[in-house]
Amino acid sequence: MNALTSFGEFSPAPAPVPAPAKTKAPAPRVIRHGTIRGYVTHGCRCDVCRTVEMERQRRYRARMKAGEVARRPNDPNAVPVMVRGTLYPSIAAAAQALGVMPSTISGHLRRHGHCDFVGLGQKSPAHNRDAHRTTPIAIHGRRFPSIKAASDYLGVPYGWLYKAIRTGRPANAGDRILAALMRADAQTEGRA
């Protein structure tokens, strides 16, 4: 069988495609359920393998807190950590001294850049601020400790005021905020 090309010439027939070679199916994996290998190596997620893995992690955390996990002294890859003026040779050593997990130390380093609040619980300075992450704001010369305080005083929804201040939308937001401010001032003067 010859095929006609675009120039009116005949081209030779294409070569036949060989049939794929028959391969043997791989042998099924034998997973011993209830062992660490079942969960970690084979990726089995049955209830038995999950329970064994959770118990293994629980035992490891208990050994870590008790200081029974072997540490490599003078490890060249150890990261020295400063916590409230005390220098620890590694994250693991700091975690053991403070009674927390090493992931807590590394998480604080990643999130905050320092570890000064680690191990203090809810009494840390970060949790006891009076102005909890608020930014003071000035609206037409009037100062408010936060957008929430301004929205309460003006009697407008917080979401609308936040969007109006941050984006300037809607176009008449400045006029509406000024009108709300004048109305709020008149109400407070009427009460006084």
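Tabulated data
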{"read-out": "All positions within region 56-80 that are of a type in the set (Asp, Glu) and either touching a Ser or Thr at 6+ places or on another chain (Cβ under 6 Å) or under 17 Å from Met101 (Cα atoms) (or both)", "value": "Glu68"}
{"read-out": "Restricting region 118-128 to residues that are in a loop (DSSP other than H, G, I, E, B) and modelled with pLDDT of 55 or more, the residue that is surrounded by the most Cβ atoms within 10 Å (Cβ to Cβ)", "value": "Val118"}
{"read-out": "Which numbered condition Thr104 fails, given (1) surrounded by 12 or more Cβ atoms within 10 Å (Cβ to Cβ); (2) at pLDDT below 90", "value": "(2)"}
{"read-out": "Candidate set from region 151-173 (those that are in a loop (DSSP other than H, G, I, E, B) and touching a residue at least 12 places away in the same chain (Cβ under 8 Å)); member that is surrounded by the most Cβ atoms within 10 Å (Cβ to Cβ)", "value": "Val156"}
{"read-out": "Some residue of region 54-73 being surrounded by 10 or more Cβ atoms within 10 Å (Cβ to Cβ) and touching a residue at least 40 places away in the same chain (Cβ under 8 Å)", "value": "yes"}
{"read-out": "So Thr135, is it surrounded by 14 or more Cβ atoms within 10 Å (Cβ to Cβ) and either more than 28 Å from Arg61 (Cα to Cα) or at pLDDT 85 or above (or both)", "value": "no"}
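The values are calculated or read from the model by the stated rules, or taken from the named source; none is laboratory data. Treat the numbers as computed from the prediction; the structure is a model and nothing was measured. Every residue, glycine among them, receives a Cβ derived from its backbone with ideal geometry; neighbour counts consider all protein chains shown.
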